[in-house]
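*Asks:* Before I ask anything, here is the structure I am working with.
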Amino acid sequence: MARDYYGALGVRQDATSDEIKRAYRKLARELHPDVNPEEAAQQRFREVTAAYEVLSDPQKRKIVDMGGDPLSNGGGGGGGHDPFGGGFGLGDIMDAFFGAAGAGGGRGPRSRVQPGSDALLRIQMTLEECATGVSREIAVETAILCDLCRGSGCAAGTSPTTCDTCGGRGEVQSVQRSFLGQVVTARACPVCRGLGEVIPDPCRQCAGEGRVRARRNITAKIPPGVADGMRVRLSGQGEVGPGGGPAGDLYVEVEELPHATFERAGADLHCTLRVPMTTAALGAVVPLETLDGPLDIELEPGTQPDTELVMTGRGLPRLRSTGRVDGRGDLHVHIEVEVPTKLDARQTELLRELAELRGEEEHTLAIASARQGGLFSRLRQRHAR
């Protein structure tokens, strides 16, 4: 059964060549191994690339529209180069009985100009930088357009010539005998690598590739609200393709560094404020240095352990998938009451006096029920959060 190459790219059968190219570029950016290393994504990337190779070639596309499969190479089980794992297609049958001419004139040469790959770069950012966003100059080493030949791959004053081995077809044929008779098979020309032309006098700077590797500095604008693992796409800043083809995109992945005070949960921030038991009992105003500057935390008299104070709008910007910021998260301050472990004689005497005044000198422990908000109830509530 012929494969659905149009479905692989998500385009209609009457799609134009520009629509096919745009669909391929979009999928390639999402599925490229440098961007998505999962095995399923890599297999899908191979399928998408094969589909684009077929549908961007008029001769191969004609075979598909006739119900055939130009990538199937016969043998009853599909070729090892075929990412779809297909079988014996119409193109092989036509080749077998009528030769390459009967199958629509062969597969034809492939273009020397190919789209470039995407690139990935990781940068480290502090929590403060994630909150405000940064504009950072970064060094990138990628393939760029050769400035000597401007992508042609040829030395000045020269141009590519037709390959003598394949006559410009990009493929060579071989004849084998089988029970069907003479079977004509085609493969990419080993001299021109399927291009149909060769460069007799390559550019001395890029050796005929049309691109060279170079280190350059670019400015990456990282929006506020980014988090660890997020990627920012810089369009057209990736690898220039073979033959000076259009450049892919550069993805800048954020690696967020740990903060000494705050822990992050999405757009919310959490911190622990440790206060002495006397401060918790008497109440106080405690200064806290936040990402926005100093903030006074007001503790009511009788503040209990595990109290959580929420400062609305004191968290990080909420970055939406559209790249826009929609408000800010909250700052959660968790109160931890510190009980002294060492008391001198005078402190012990004062505490005993306080216990006597409060009627607590008998050391009677009251077991709180779950309805009264006992320890296990508070633990369950905290775990649920």
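*Asks:* Here is a check on your reading of the model: is GLU209 more than 14 Å from ARG110 (Cβ to Cβ), of a type in the set (Asp, Glu) and touching a helix residue (DSSP H, G or I) at 6+ places or on another chain (Cβ under 9 Å)?
*Replies:* yes
*Asks:* Moving on to the next point. I'd like to know if region 133-152 contains one or more residues that are more than 31 Å from the chain's Cα centre (by Cα) and assigned to a strand (DSSP E or B). Working first, answer last.
*Replies:* To start, the set of residues in region 133-152 that are more than 31 Å from the chain's Cα centre (by Cα) comprises 148-149, 152.
Filter again for assigned to a strand (DSSP E or B), leaving none.
The answer is no; no qualifying residue exists.
*Asks:* Okay, next question. Would it be correct to say that PRO276 is surrounded by 16 or more Cβ atoms within 10 Å (Cβ to Cβ) and not basic (Lys, Arg)? Outline the logic, then answer.
*Replies:* Values: surrounded by 16 or more Cβ atoms within 10 Å (Cβ to Cβ): no; not basic (Lys, Arg): yes.
For PRO276, the condition - surrounded by 16 or more Cβ atoms within 10 Å (Cβ to Cβ) and not basic (Lys, Arg) - is not met.
*Asks:* Considering each residue of region 153-167, count those that are hydrophobic (A, V, I, L, M, F, W, C), surrounded by 14 or more Cβ atoms within 10 Å (Cβ to Cβ) and in a loop (DSSP other than H, G, I, E, B), and give that number. So that I can check it myself, show each step before the final result.
*Replies:* Applying the first criterion (hydrophobic (A, V, I, L, M, F, W, C)) to region 153-167 yields 154-156, 163, 166.
Applying the additional criterion that residues be surrounded by 14 or more Cβ atoms within 10 Å (Cβ to Cβ) yields 154-155, 163, 166.
Now narrow it down to the ones that are in a loop (DSSP other than H, G, I, E, B): 155, 163, 166.
Final tally of qualifying residues: 3.
*Asks:* Test each condition in (1) modelled with pLDDT of 50 or more; (2) under 29 Å from the mean Cα position of the chain (by Cα) for PHE84 and report the one that comes out false.
*Replies:* (1)
*Asks:* Return the residues of region 22-43 that are assigned to a helix (DSSP H, G or I), surrounded by fewer than 18 Cβ atoms within 10 Å (Cβ to Cβ) and charged (D, E, K, R); say none if nothing qualifies. Reasoning before the result, please.
*Replies:* Filtering region 22-43 for residues assigned to a helix (DSSP H, G or I) gives 22-31, 39-43.
Cutting the leftovers down to surrounded by fewer than 18 Cβ atoms within 10 Å (Cβ to Cβ) gives us 22, 25-26, 30, 39-43.
Across region 22-43, the qualifying residues are ARG22, ARG25, LYS26, GLU30, GLU39.
*Asks:* Of the residues in region 318-340, how many are of a type outside the set (S, T, N, Q), outside any strand (DSSP E or B), farther than 25 Å from PRO305 by Cβ and open to solvent by 80 Å² or more (accessible area, probe 1.4 Å)?
*Replies:* So the answer is 2.
One line per residue, one yes/no per condition, for (1) at pLDDT 95 or above; (2) in contact with a Gly (Cβ under 6 Å, 6 or more places away or on another chain); (3) on the phi < 0 side of the Ramachandran plot:
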site	(1), (2), (3)
PRO242	no, no, yes
ASP249	no, yes, yes
GLY266	no, no, no
LEU269	yes, yes, yes
MET277	no, no, yes
LEU282	no, no, yes
PRO287	no, no, yes
THR290	no, no, yes
LEU295	no, no, yes
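*Asks:* Within region 1-21, can you find the residues that are hydroxyl-bearing (Ser, Thr, Tyr) and part of a loop (DSSP other than H, G, I, E, B)?
*Replies:* THR16
*Asks:* Among the residues of region 136-185, which ones are at pLDDT 90 or above and among the acidic types (Asp, Glu)?
*Replies:* The answer is GLU137, GLU141, ASP147, ASP164.
The values are calculated or read from the model by the stated rules, or taken from the named source; none is laboratory data. Since we're looking at a predicted model, the values are computed, not measured. Because the Cβ atoms are built from the backbone with ideal geometry, glycine has one as well, and the counts that use them run over all protein chains shown. Just so you know, the surface numbers come from the protein's heavy atoms only, side chains and all, with ligands and any DNA or RNA stripped out. Shrake-Rupley method; radii C 1.70, N 1.55, O 1.52, S 1.80 Å.
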